[in-house]
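Before any comments, here is the structure.
Read-outs: derived from the displayed coordinates by stated rules, not from any lab. What you are looking at is a predicted structure, and each value in this text was computed from that prediction instead of being measured. Note: ideal-geometry Cβ built from the backbone for every residue, glycine included; neighbour counts use all protein chains shown.
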Amino acid sequence: MKKELFICTTPFQIISSISMCMSFGNNSDIIIDPQSRNSDKYVSNIRKLSIFNNVFNAKEIEVLNKIRNSNRTKRKIMITLSYLFLNSIIKKMFPHGFDYDTVYLSNNTFISNQIVQYVNLHKIDVEFVYYDDGEGSYDNNIVNRESSSDRFIKTVLRRSVVPAKSSKLLYSPELYNMIHPDTTETIGRVPYFNASDKIQSVIEQVFETDSIKTIEEPFIILDTMPYEVMVKEEADKYQEQIQKICDALNGKVCVKKHPRDKKMNRYGCKEYTDNSVPFEMLCLCSDFSSKTLIVLSSTSILTPKIIFNQEPHIVLLYKLFPMKSGFDDQRTKMYDSIKEIYADPSKISIPESFEELNELISSFSKM
């Protein structure tokens with residue numbers, strides 16, 4: 001039987017890994033590099049449910065903690081130098097040995113990069129499967145992003161930074177093919193976890209969905225950190241506009257705060273403040289088809305459709321508030337393609353002007 005390893009950092013990735021593990025029925029381990037507040041609880045619940053043979057928590061691996069707890073400069077140096085000690089680090093990560101046939105990863109993290117380099121160095125026959133990580137899996141090339149460590153590996157160590165053998169699994173191969181019409185890749189599909197009562201029950205237990213408070217309001221603003229992604233003038237305009245939307249939809253709107261936003265009651269309307277609840281679980285616990293999501297630009301807008309086949313009305317504001325990083329053609333193509341996979345494309349609104357947005361909000365206020 002094939003032996004598999006799943007690498008996860010986010011709740012979205014944990015959900016997908018559980019679904020794949022239980023659907024494929026292979027001999028599987030998981031290593032979790034926690035990046036969410038409740039990650040220890042998720043690890044504990046996964047262990048109790050015996051979904052995987054071995055559950056490795058990166059927080060329990062000393063060498064990873066040393067790197068994680070260092071300051072930024074020291075951490076970058078340690079990460080770069082770590083590639084000189086691959087055998088030692090892999091042994092500490094996997095004390096019983098690295099003997100996997102397939103490794104599932106969503107993006108390039110320290111752990112996944114170490115494993116790729118170890119496999120390349122020893123010429124081990126391992127297939128790396130890049131599985132769905134939301135928006136970045138569709139509009140960016142997650143396999144070939146280059147970091148300073150990559151440049152060190154390529155120029156100093158003279159090694160390849162990409163796996164010798166890799167493939168992709170996505171929730172919506174159709175969407176990927178629309179965005180990349182010239183691709184020659186064969187994209188597999190991540191199994192829908194809500195298509196199986198057994199898998200859904202396990203995921204509900206891992207994330208303790210019986211204690212999750214749902215959002216009852218018909219309009220939801222998925223807020224961002226505007227001063228991180230825009231210049232001050234645009235960020236000020238963004239917050240002013242969100243305030244106007246909250247005032248116009250008062251009593252019918254809820255703001256889902258950005259996880260790093262510490263200010264309470266910013267807009268004077270109802271807020272969903274439990275940032276430990278993954279957005280995927282909110283979609284699981286309630287039908288978003290009758291809701292309207294108002295958002296600058298977010299990977300979350302993909303979730304209801306590609307995982308649950310729910311079609312909320314989506315209002316994207318990115319054309320009104322220029323971001324520091326700009327907005328490339330690939331992402332624009334992605335949003336256009338989402339319209340094509342919607343049964344009702346009119347439920348995707350991308351206002352070209354503030355007048356158009358105000359008319360839209362005015363129509364919402366009368367509903």
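Miscellaneous remarks
- Computed magnitude of the charge dipole of region 1-144 (debye, nearest 20; Cβ of K, R +1, Cβ of D, E -1): 780
- In sequence order, calculated HN-Hα J values of region 186-199 (Karplus, 6.51, -1.76, 1.60; Hz; x Gly/Pro): 9, 9, x, 10, 6, x, 6, 6, 7, 7, 10, 4, 5, 5
- Cα gyration tensor, region 263-340 - rounded (a/c under 1.5), prolate or oblate: oblate
- Paramagnetic reach from ASN309 in region 171-190 [backbone N under 14 Å; point 7 Å along Cα→Cβ]: 172
- Global form of region 212-365, assessed from the alpha-carbon gyration tensor, a/c cut-off 1.5: rounded
- Ranking of THR80, THR73 by neighbouring Cβ atoms within 10 Å, starting from the fewest: THR73, THR80.
- The charge dipole of the chain, taken about its Cα centre with unit charges on the Cβ atoms of Lys, Arg (+1), Asp and Glu (-1) only, comes to about 1620 debye.
- Global form of region 3-210, assessed from the alpha-carbon gyration tensor, a/c cut-off 1.5: oblate
- Judged by a Cβ-Cβ distance under 4.7 Å, the unpaired cysteines of the chain are CYS8, CYS21, CYS254, CYS283, CYS285.
- Label-point separation in nm, ARG260 to LYS66, each point 7 Å along Cα→Cβ: 2.8
- Rounded to whole numbers, the Karplus 3J(HN,Hα) couplings from phi for region 118-125 are 4, 5, 5, 4, 9, 6, 7, 7 Hz, using 6.51 cos²θ - 1.76 cosθ + 1.60 with θ = phi - 60°, and x at Gly and Pro.
- Test item: Cα-centred dipole of region 212-365, Lys/Arg +1 and Asp/Glu -1 on Cβ, debye: 460
- From helices alone, the chain scores -12000 deg cm²/dmol at 222 nm; the rule is -39500 (n - 2.57) for each run of n ≥ 4 DSSP H residues, then divide by the residue total.
- Tilt relative to the chain, helix 11-24 - C-alpha long axis, 0 to 90 degrees, to 10: 60
- Of the GluC sites (Glu not before Pro) found in region 1-92, not one falls in a DSSP loop while having at most 16 other beta-carbon atoms within 10 Å.
- Estimated FRET transfer efficiency when R0 is 56 angstrom, pair LEU121-ASP344 (beta carbons, to 0.05): 0.65
- When peptides 35-47, 302-314 are ranked by their average number of other Cβ atoms within 10 Å per residue, the highest-first order is 302-314, 35-47.
- GNM flexibility winner over the chain from VAL277, VAL315, VAL63 (Cα, springs under 10 Å): VAL63
- Full extension of the chain between CYS285 and GLU352 gives 20.8 nm of extra length, using 0.36 nm per residue less the Cα-Cα distance.
- Options HIS96, LEU170, ILE203, ranked by Cα towards positive dipole end of the chain, top entry (Cβ charges): HIS96
- The amide H of PHE128, built 1.01 Å from its N in the peptide plane, has VAL103, LYS165, SER166, SER167 as neighbours under 5 Å, considering only residues 5 or more places off or on other chains.
- Loop-located GluC sites (Glu not before Pro) in region 189-243 (DSSP state not H, G, I, E or B) with no more than 13 neighbouring Cβ atoms inside 10 Å: GLU216.
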